[in-house]
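The values are calculated or read from the model by the stated rules, or taken from the named source; none is laboratory data. These numbers come from a predicted model, not from an experiment. Glycine gets a Cβ as well: all are built from the backbone with ideal geometry, and neighbour counts include every protein chain shown. Surface accessibility is based on the protein's heavy atoms, side chains included, excluding ligands, DNA and RNA. Shrake-Rupley method; radii C 1.70, N 1.55, O 1.52, S 1.80 Å.
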Amino acid sequence: MPNVQYSEEFAFYQQLKYYYDMNRGKIRSRYNDLTKKFLAYNDKKENPDAFLRLPQFEALEMYVFIKEFMGNPQVYEMFDDWRNRRDKFSDASYYSVSKGGQIKLFDRESAEVTDILFKQMKKYKESYPNYIYALTMGLGKTILMATCIFYEFLLANKYPRDKRFCHNALVFAPDKTVLQSLREIITIDKNKVVPPEYARVLDSNIKFHFLEETGTTLHTIDDSDFNIIISNTQKIIVKKKRKDPKPEEVLFGQGSLLSSVYGDDNSDLDDIWDDASLMDNQRFKKICRLPQLGVYVDEAHHLFGADLEKQIRSKTANKTSLRDTINMLAERTSIVACYNYTGTPYVNKQVLPEVVYAYGLKESIWNGYLKDADPIAFENVKNTEFLRMAVSTFWDRYGGKKYEGLNPKLAIYASGVEEAANEVRPVLEEILADLGIPTSTILLNVGDTKYTKNEDIRNFNDLDVRGSQGDDKQFIILVDKGKEGWNCRSLFGVAMFRNPNSKIFVLQATMRCLRNITDERQTATVFLSKENYDTLNDELNKNFNMEIKDMKNNTVKKKVPQKVRVLPPPRKIILKKVWHEYSLEEKEYLLPVDFKIGEIDYSKYQSIMYEKDSIARDSSLKEKNIDYIKEQMKFSMFSLAGEVARYLNISCILATRILREAVDGVETILSAVNRYNQILDDIIVPTIFHTLYEVKSEVKSEDKEIVLLREPENAGYYEFSAREDLVITNKYGGLTPEQISKSFHADTYCFDSMSEKECFLQYITNNKVKEVYFTGMFTANQGDLSVQYYDPESGRIRHYYPDFLAKMEDDSYQLIEVKGDDKKDDAVVKAKAAAANEMAIASGVEYKMYLSSEILNSHILAYMEMMNK
């Protein structure tokens, strides 16, 4: 194989996200109503109170997209379709990014690289789909995992025969520390990520099994659904058979669950086995009796092991024990897919081939999801000098401060227990005494009961609990506590002088202090020897494809907190409140119903496979109907009548009569419905409904006084964050006093884009404008100016807030919306515009929507005046 390297620009997960982003509206419109509601509930654009952070939600979107839209394929299959522009990625596809196809990779080197990557993907594929979601530590992978499982169970409950959805979940953790953090899957308030009406369904069906202790028996009911099994214990089936089992071991199985699931740190060779050397146990057998199993692996870099590079490139490579464990499960039960959650998409700067979503460390820091970091290296200093400098600098920066009511903390790593207790602690006590800091702020946690007591463990677990004894501990001496699962948001510093046994430990320990705290972007300090500093830089390069300097050099402009005060007098306007009142009147069934079955366009229900014989020649794209893969409910006359009666709440006798007397004939109706079940919902039920009922609609309106901005409750100002170049205040020197007097119902406007800012400046400086107010930054409970609209994607009634309100020289008003060019044909944007237009027309107000390019490339008021002539 030629030695061809590929850069991140060829990372398939980026191309997959680009394709989804460009077709987001079309794709989401194809989802079922339950999925639309689930996504809308977690989307901050549609639900401002949504709990998930943006990276979590984007990962959830990708999870749903791959499952429901793409059909749960192998990654290599999606990649092959993408690179060859087949199926949904084809030039002729309705979802094509452009008429020219996907991102162009026509040069010889690019084609060679993608061919190598495809061969690697295909070579190491499993019998089940295998996906990697790479989100940096601190972004909430456990919450994301729980949300994905809840989504699976809701859809499995709604569509029990659909093989795409998981009916049971097996969650693996690499060690006991991470296992404890996975308790959050059990304890999370489901209402945070699941619409309340569906959370109750989950609460009444889910069974949790937390296998913490070795030898714990798994109490699942065979062939049952909605079990979540969480374990890290290390022998689900695996143990090399070295002696004959005792009778009780034959009965109950022996060893712990998942023995070499991830492989012991010091027994790499012992991880590998052959089928003849294995013995299984009760837990493995019970798991094998659970249908449609989804496997979820936390901190999945453990899954691949240290020789990932060999595994990707070598034909003779061994696989890690966890992978073989999952494969053995797949041989004995139905695995829907394996979902791996890890902190990085890279190993030695190589993008893992099955990554489908990634949000990196650099982006997480830049966008405020993690603390920034200030690494400081020391060379040619003694241990005590290093520690004194580290503690003194830490105290100068953070001493006496509180963050969300918590004291800042410094983690000091020792290379061993005796060094921590007998060398580091005495020196630290002396340093603190010199600084006037009580030595009671020291906590020693070294994993040895000789030095670390139960009270110390309790205080360690309470480091982030305000007002606790744990919060009083600010200097934490540790041994080997840098791995995943240890979370302390109030940790603001890490000090490590001696070189640890594992180089990756330097990176893991450093990242412990990056978890975010407060709404403002904070900076932690990392104190390292020069050798550890170089190690950190090297590990960042290997694992995140970045360097230390990248943590501090942000090319993305930083958002700055802004205090926004309301300026008197209150600005008000009279607008029409418009609503529709519907009434339902029963009609008597008199004439046979004509369902017009013969006029149905069946093409929208068909499953189609696209095939192009060759990309080397200009052959045509072939289409093949594959309806045979669908699982359709087969209705009889009576079951169809029962389904209609249940849906419309009418008698079965009436439903049967309507179907029997139909113009089309009952056999024709049954044939169509059994061919495509969707016809029942799309045609049969609505037609019978309109036969039996008449829906009358009446548009009503009333005058309503709108207050553009209200004073904040219990505060003197509102708080926003915005880039400094997108902020204009009422002191802005670029405007004259006369122009400033035309606007600013708040003293500060925080725009989202340059086009919004430019629109404001064009309006406020134009003599034809008497007043203009930026209203788009103020939402619910801040002002009254909002428009109700029907969201076609989620099927819900929502509110949106126009960007500007302008009063023109003739005392007419304009409602103004600014949108990116890519949103011009978006279904949701059109729905907002239609609703705003209806309200505007009723109120005698003109509604205007400008595209960004129009604003940035022309004088919009002069241009619109010219267009109206």
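Applying the set (1) modelled with pLDDT of 95 or more; (2) loosely packed, with under 15 Cβ neighbours inside 10 Å to LEU640 leaves exactly one unmet item: (2).
Could you please let me know if LYS503 is open to solvent by 40 Å² or more (accessible area, probe 1.4 Å), at pLDDT below 90 and over 24 Å from GLU184 (Cα atoms)? Give the steps one after another, and end with the answer.
Working: open to solvent by 40 Å² or more (accessible area, probe 1.4 Å): yes; at pLDDT below 90: yes; over 24 Å from GLU184 (Cα atoms): yes.
The answer is yes for LYS503.
Restricted to segment 318-387, the set of strands (runs of 3 or more DSSP E) holding at least 1 residues that are farther than 29 Å from ASP80 by Cα and among the hydrophobic types (A, V, I, L, M, F, W, C) comprises 372-378.
Among the residues making up segment 716-731, a single one is out of contact with any strand residue (DSSP E or B) (no Cβ under 6 Å at 6 or more places or on another chain), in contact (Cβ under 8 Å) with a residue 40 or more places away in the chain and surrounded by 16 or more Cβ atoms within 10 Å (Cβ to Cβ): ASN730. Contact map, segment 18-35: residues that are at negative phi and at pLDDT 90 or above paired with residues that are open to solvent by 20 Å² or more (accessible area, probe 1.4 Å) and of a type in the set (Asp, Glu), Cβ distance under 7 Å, separation 6+ or inter-chain. Pairs shown: TYR31/GLU68; THR35/GLU68. For segment 604-632, the candidate set comprises residues that are touching a Leu at 6+ places or on another chain (Cβ under 9 Å) and not acidic (Asp, Glu); within that set, the residue that is modelled with the highest pLDDT is TYR610. Screening the candidates ASP825, ASP752 for the property of being open to solvent by 40 Å² or more (accessible area, probe 1.4 Å), without any contact (Cβ under 8 Å) to a residue 40 or more places away in the chain, under 28 Å from VAL564 (Cα atoms) and not in a strand (DSSP E or B) yields one hit, ASP752. Determine whether segment 440-462 contains at least one residue that is part of a helix (DSSP H, G or I), small (Gly, Ala, Ser) and open to solvent by 70 Å² or more (accessible area, probe 1.4 Å). Within segment 440-462, one or more residues are part of a helix (DSSP H, G or I), small (Gly, Ala, Ser) and open to solvent by 70 Å² or more (accessible area, probe 1.4 Å). Just one of the listed residues (GLU643, GLU631, GLU667) is within 30 Å of TYR159 (Cβ to Cβ), touching a residue at least 24 places away in the same chain (Cβ under 8 Å), in a helix (DSSP H, G or I) and acidic (Asp, Glu), namely GLU643. Count of segment 122-161 residues, restricted to those that are open to solvent by 10 Å² or more (accessible area, probe 1.4 Å) and over 22 Å from the mean Cα position of the chain (by Cα), is 11.
Being in a strand (DSSP E or B), closer than 21 Å to LEU708 by Cβ and among the β-branched types (Val, Ile, Thr), is that true of even one residue in segment 790-805? Among the residues of segment 790-805, not one is in a strand (DSSP E or B), closer than 21 Å to LEU708 by Cβ and among the β-branched types (Val, Ile, Thr), which makes the answer no. Just one of (1) among the aliphatic types (A, V, I, L, M); (2) closer than 30 Å to ALA746 by Cα; (3) surrounded by fewer than 13 Cβ atoms within 10 Å (Cβ to Cβ) fails for LEU709. It is (3). Restricting the first member to segment 378-390 and to residues that are at pLDDT below 90, and the second to residues that are among the small types (Gly, Ala, Ser) and surrounded by 15 or more Cβ atoms within 10 Å (Cβ to Cβ), the beta-carbon pairs closer than 9 Å and six or more apart or on different chains are PHE378/ALA390; PHE378/SER529; GLU379/SER529; VAL381/SER529; PHE386/ALA495; PHE386/SER529.
Can you spot a residue in segment 417-439 that is open to solvent by 10 Å² or more (accessible area, probe 1.4 Å) and within 39 Å of the chain's Cα centre (by Cα)? Checked segment 417-439: no residue is open to solvent by 10 Å² or more (accessible area, probe 1.4 Å) and within 39 Å of the chain's Cα centre (by Cα). Residue count for segment 405-416 satisfying the condition of being outside any loop (DSSP other than H, G, I, E, B) and either surrounded by fewer than 16 Cβ atoms within 10 Å (Cβ to Cβ) or hydrophobic (A, V, I, L, M, F, W, C) (or both): 4.
Residues in segment 562-578 that are open to solvent by 80 Å² or more (accessible area, probe 1.4 Å), part of a strand (DSSP E or B) and touching a Ser or Thr at 6+ places or on another chain (Cβ under 9 Å): LYS563, ILE574, LYS577. Scanning segment 336-353 for residues that are in contact with a Cys (Cβ under 9 Å, 6 or more places away or on another chain) and open to solvent by 20 Å² or more (accessible area, probe 1.4 Å) yields a total of 0.
Table: residues versus (1) over 25 Å from GLN739 (Cβ atoms); (2) touching a residue at least 40 places away in the same chain (Cβ under 8 Å).
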site	(1), (2)
ASN767	no, yes
GLY795	yes, yes
TYR801	no, no
ASP811	no, yes
GLN814	no, no
LYS832	yes, yes
ALA835	yes, yes
SER843	yes, yes
LEU861	no, yes
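Table: residues versus (1) part of a helix (DSSP H, G or I); (2) modelled with pLDDT under 90; (3) open to solvent by 50 Å² or more (accessible area, probe 1.4 Å); (4) farther than 13 Å from LEU567 by Cβ.
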| site | (1), (2), (3), (4) |
| --- | --- |
| ASN714 | no, yes, yes, yes |
| GLN739 | yes, no, no, yes |
| GLU756 | yes, no, no, yes |
| LEU761 | yes, no, no, yes |
| VAL772 | no, no, no, yes |
| THR779 | no, yes, yes, yes |
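Once segment 646-664 is narrowed to residues that are part of a loop (DSSP other than H, G, I, E, B) and touching a residue at least 40 places away in the same chain (Cβ under 8 Å), the residue that is most open to solvent (accessible area, probe 1.4 Å) is VAL663. Just to be sure, is LYS696 loosely packed, with under 14 Cβ neighbours inside 10 Å, of a type in the set (Lys, Arg) and over 30 Å from GLN782 (Cβ atoms)? Criteria met by LYS696. From the list ASP810, ASP825, ASP803, the one residue that fits, being within 31 Å of the chain's Cα centre (by Cα) and farther than 21 Å from ASP21 by Cβ, is ASP803.
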